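Encoded as structure tokens, the structure appears first; notes follow it.
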Amino acid sequence: MVHETMTPAKTTTTTLVFTYGTLKRGFSNHVLMQDLIRSGDASFKGVYQTLDKYPLVCGPYRVPFLLNKPGSGHHVTGELYAVSPRGLSRLDELEGISRGHYIRQQIRLASADEEGGDLETETSSLSCVVEAYYAHKSYEEELWKRNRGRSFGAYTENEARGYVKRNDRPQHLSFLDHIRIFVSSPCD
């Protein structure tokens, strides 16, 4: 009788993360995603769209924010990545999770790669539940009001025009200070 030893396959738990702004290909923070991909801590899964409509708005310095207000706004298009725990920790740091900048919560997506797909009539079998970074609740409503209820379906070069990188912003103010000043300033 031959006895075989089974070696368990190495399994890495990944989190699916929907990126809709500066982490996407072609935008300023994508260098972090590229670094995570090179280190094996992330992999690109495709272009996806939110199953429900959400507001995607710009805040101070043309920073994009997804607002957790399902039913308002547009079906937001972005990129999906599978991210390792180490990669997720780096994304959480960038997004200021522990500092009250963004919150990471679930969102439902459908593949935007499907030919002729109409999200209004898609079946739930084509959807998946992943994580996304939303504007923090402490300023979400003020940001929505400041944008006068207007949003867009994708953060493109046009929406990013005027984006200011973190290191080029006034350093004596915190991210939340910038948001407070922005939401209390008159609309354009």
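The values are calculated or read from the model by the stated rules, or taken from the named source; none is laboratory data. Keep in mind the model is a prediction, meaning the values are calculated, not measured. Ideal geometry is used to build each Cβ from the backbone, glycine not excepted, and the neighbour counts take in all protein chains shown. Side chains included, ligands, DNA and RNA excluded: accessible areas come from the protein's heavy atoms. Shrake-Rupley method; radii C 1.70, N 1.55, O 1.52, S 1.80 Å.
Couple of notes before you dig in:
- Residues of region 132-141 classified as open to solvent by 40 Å² or more (accessible area, probe 1.4 Å) and not in a loop (DSSP other than H, G, I, E, B), total: 3
Residue-by-condition table, conditions (1) within 28 Å of Tyr48 (Cβ to Cβ); (2) in contact with a Ser or Thr (Cβ under 8 Å, 6 or more places away or on another chain); (3) touching a residue at least 12 places away in the same chain (Cβ under 8 Å); (4) not in a helix (DSSP H, G or I):
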residue	(1), (2), (3), (4)
Val129	yes, no, yes, yes
Leu143	yes, no, yes, no
Arg148	yes, no, yes, yes
Asn158	yes, no, no, no
Gln171	no, no, no, yes
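- The residues of region 67-110 that are free of Cβ contacts under 8 Å to residues at least 60 places away in the same chain and of a type in the set (Val, Ile, Thr), listed by number, are Ile97, Ile103.
- Count of residues meeting criterion [among the polar types (S, T, N, Q) and within 16 Å of Leu143 (Cβ to Cβ)] in region 61-82: 2
- Number of residues in region 161-188 that are farther than 18 Å from Lys137 by Cβ, open to solvent by 50 Å² or more (accessible area, probe 1.4 Å) and of a type in the set (Lys, Arg): the value is 3.
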